[in-house]
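The structure appears below as structure tokens.
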Amino acid sequence: MDGSQNALFSVDLASGDRVIVSQPESDPEPLTNPRDLQFDSANDRVLVTDENRDALYAIDLSDGERTKIADLNIPKHFALDTVNNRVLVASFVNLVAVDLTSGDLTTISGSGVGSGENFNDPWGVVLDDTNNRVLVSDYGLDAILAIDLATGDRTVISNDQIGSGDLIGTPTDIALDEAGNRVFVADISNDVVIGVDLASGNRSTVADAGGSGSGTELNAPVDMGYDSGNQKLFVVDEGINSVVSLNLSDGARSVLTDADTGAGPLLNQPYGIALDLDEGRIIVSDGGSGGLISVDTLTGNRTQVATDIPSNDDGVSDLRGIALDRASNRVFVADEGLSEILEVDLLSGTTTVFANEQVGRGPNLGSPNNLVLDLDQNRLLVMNSSVRSGVMAIDLDSGIRRVLSSNEVGFGVSGNDGRDLALDRANNRILVVDRNAHLYSLNLESGAREYLSNSRSSEDAVGSGPAIGEPIAIAADLENDRAFILDRVYRSIILVDLPTGSRGTLSR
């Protein structure tokens with residue numbers, strides 16, 4: 001099936017010779033957007049759905065003549081059920097059965113038929129007759145669903161909440177393996193084929209276009225900083241307790257510091273990072289040691305900066321993001337577990353509480369996980385992951401806290417479980433990534449929120465390119481109107497063009 005020529009070809013498997021079986025010129029109602037086809041061997045014909053024609057056709061292989069079997073509503077892929085002389089078609093937000101003799105339509109699931117997660121944009125369909133069900137890939141839900149053919153009930157087999165492994169970005173077609181234990185899903189956003197175990201929902205990449213960049217593989221990346229002068233990113237990887245240097249020209253990755261590289265106290269559960277390049281170092285928050293560690297950018301040697309950071313009753317610190325105030329020789333650190341912001345003097349290593357329930361005034365901090373300095377306005381901007389679209393400003397002199405964005409403050413799109421933020425002072429906004437794989441902007445004056453790039457919702461999708469799995473950090477290159485997103489699920493760096501929202505994989 002050739003969509004660009006709206007034609008059906010026959011290809012000899014021995015010689016590779018091609019013959020057009022059916023094409024537009026041979027019929028007054030030609031195919032205009034053929035979507036899927038199945039060979040009906042019993043009748044020596046091919047069945048084709050045409051999305052533009054909203055129809056199912058039969059094509060006679062002897063003469064190429066097309067016959068309309070049924071009118072449908074935006075038909076995508078379908079499965080042939082020869083035992084029941086029907087096809088099962090993903091049609092708009094329904095799974096529809098088409099009787100191949102009469103053309104009669106029956107809604108199997110959707111539009112009030114069956115219970116469970118509603119279809120958003122069902123695409124691929126495969127029949128699992130052993131279990132009397134159909135398996136459907138849903139383009140809008142980024143999920144695989146099982147549909148009981150007796151009841152129409154829908155059950156999610158795998159998505160970002162069910163099963164582990166690589167997330168499904170934009171699933172299209174689907175196929176069932178011979179044993180009936182897993183399905184293979186074509187993911188056009190990430191240019192991969194993903195295998196999904198039907199019992200557990202676990203996912204693994206079966207085939208891809210090859211990784212981007214070379215060198216050390218990221219394991220559990222959590223934060224990063226952008227070095228514009230040397231065109232590199234420094235990535236904190238909690239999984240391998242290291243800081244990885246990533247070259248922006250070719251995506252190559254190398255360890256800057258870990259247990260085998262550099263001397264000094266070992267990293268143990270590192271998380272946040274701040275670049276202090278004037279001093280030739282980066283500063284990392286380290287939950288395992290309960291302090292801050294300075295890493296020399298040339299040698300990878302590590303030095304303890306602060307060790308008296310408060311911990312909870314179990315002796316654990318939940319240190320997250322860091323913001324450097326170079327002029328005052330201090331850093332601010334978010335402690336998500338204790339719900340406070342700490343101030344650390346870089347000369348003495350002394351730690352004091354800058355904001356919590358007892359220090360400062362204003363709304364509670366909630367779960368602060370990342371922060372950025374806005375020195376032009378003499379304030380600290382803090383991400384509160386416990387509130388949808390939650391961002392707070394804290395005055396550096398008075399400690400007064402004010403909500404800039406939340407469920408009740410601001411307007412526009414709604415974020416969910418914000419992960420990181422970057423300041424775009426020239427445009428009076430911050431750039432935010434959240435758990436739902438959105439990149440959105442927050443206007444610091446009006447509170448307006450707007451998607452800049454979003455691959456997870458078909459209705460609100462902004463920008464093209466590989467899907468975002470679970471963004472954990474963002475770094476902005478505002479001079480070039482772009483941002484780097486650290487994706488924890490795909491263990492990759494995604495480059496986003498800020499004007500268009502278009503995405504590309506920089507390193508994986």
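The values are calculated or read from the model by the stated rules, or taken from the named source; none is laboratory data. All values derive from a computational prediction rather than experimental measurement. Positions of Cβ are backbone-derived with ideal geometry, glycine not excepted, and every protein chain shown enters the neighbour counts.
Summary table
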| item | result |
| --- | --- |
| Selection count where residues are assigned to a loop (DSSP other than H, G, I, E, B) and of a type in the set (Val, Ile, Thr), scope the stretch 384-421 | 3 |
| Elements of type strands (runs of 3 or more DSSP E) in the stretch 55-124, at least 3 residues being closer than 24 Å to Thr170 by Cα | 75-81, 86-91, 94-99 |
| Answer from Asp286, Asp237, Asp250 - the residue that is under 25 Å from the mean Cα position of the chain (by Cα), charged (D, E, K, R) and crowded, with 23+ Cβ neighbours inside 10 Å | Asp237 |
| Total residues in the stretch 403-422, condition of a type in the set (A, V, I, L, M, F, W, C) and within 11 Å of Val391 (Cβ to Cβ) | 4 |
| Criterion: in contact with a strand residue (DSSP E or B) (Cβ under 8 Å, 6 or more places away or on another chain), in contact (Cβ under 8 Å) with a residue 24 or more places away in the chain and small (Gly, Ala, Ser) - qualifying residue of Ala42, Ala70, Ala55 | Ala70 |
| Some residue of the stretch 470-481 being closer than 23 Å to Ala143 by Cα, outside the structural domain of Arg203 (by TED's automatic domain parsing), in contact with a Leu (Cβ under 9 Å, 6 or more places away or on another chain) and touching a residue at least 60 places away in the same chain (Cβ under 8 Å) | yes |
| Check on Glu445, farther than 25 Å from Asp325 by Cβ, of a type in the set (D, E, K, R) and in the same structural domain as Leu373 (by TED's automatic domain parsing) | no |
| Every residue from the stretch 178-214 that is part of a loop (DSSP other than H, G, I, E, B) and at pLDDT 85 or above | Gly180, Asn181, Leu198, Ala199, Ser200, Gly201, Asn202 |
| Residue, nearest to Gly469 (Cα to Cα), within the stretch 215-238, restricted to residues that are without any contact (Cβ under 8 Å) to a residue 40 or more places away in the chain and in a loop (DSSP other than H, G, I, E, B) | Glu238 |
| Verdict on Ser285 being touching a strand residue (DSSP E or B) at 6+ places or on another chain (Cβ under 8 Å), modelled with pLDDT under 90 and outside any loop (DSSP other than H, G, I, E, B) | yes |
| The stretch 443-493 - residue that is in a loop (DSSP other than H, G, I, E, B) and more than 15 Å from the chain's Cα centre (by Cα) and, of those, modelled with the lowest pLDDT | Glu459 |
| Of residues in the stretch 59-73 being buried (at least 16 other Cβ atoms within 10 Å of the Cβ) and closer than 21 Å to Val134 by Cβ, the one nearest to the chain's Cα centre (by Cα) | Leu72 |
| Residue satisfying all of: in the stretch 169-201; closer than 19 Å to Ala90 by Cα and free of Cβ contacts under 8 Å to residues at least 40 places away in the same chain; surrounded by the most Cβ atoms within 10 Å (Cβ to Cβ) among these | Phe184 |
| Members of the stretch 497-508 found to be over 22 Å from Tyr139 (Cα atoms) and either at pLDDT below 90 or assigned to a strand (DSSP E or B) (or both), listed by number | Asp497, Leu506, Ser507, Arg508 |
| Test: residue in the stretch 380-387 that is in contact with a strand residue (DSSP E or B) (Cβ under 6 Å, 6 or more places away or on another chain) and either small (Gly, Ala, Ser) or farther than 26 Å from Val333 by Cβ (or both) | yes |
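Residues checked against (1) at negative phi; (2) surrounded by fewer than 16 Cβ atoms within 10 Å (Cβ to Cβ):
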residue	(1), (2)
Leu324	yes, no
Val333	yes, no
Glu343	yes, no
Asp374	yes, no
Asn378	no, yes
Met383	yes, no
Asp397	yes, yes
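Matching residues to (1) at positive phi; (2) assigned by TED's automatic domain parsing to the domain that holds Pro34; (3) of a type in the set (A, V, I, L, M):
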{"site": "Ile59", "(1), (2), (3)": "no, yes, yes"}
{"site": "Arg66", "(1), (2), (3)": "no, yes, no"}
{"site": "Phe78", "(1), (2), (3)": "no, yes, no"}
{"site": "Val83", "(1), (2), (3)": "no, yes, yes"}
{"site": "Leu88", "(1), (2), (3)": "no, yes, yes"}
{"site": "Phe92", "(1), (2), (3)": "yes, yes, no"}
{"site": "Thr101", "(1), (2), (3)": "no, yes, no"}
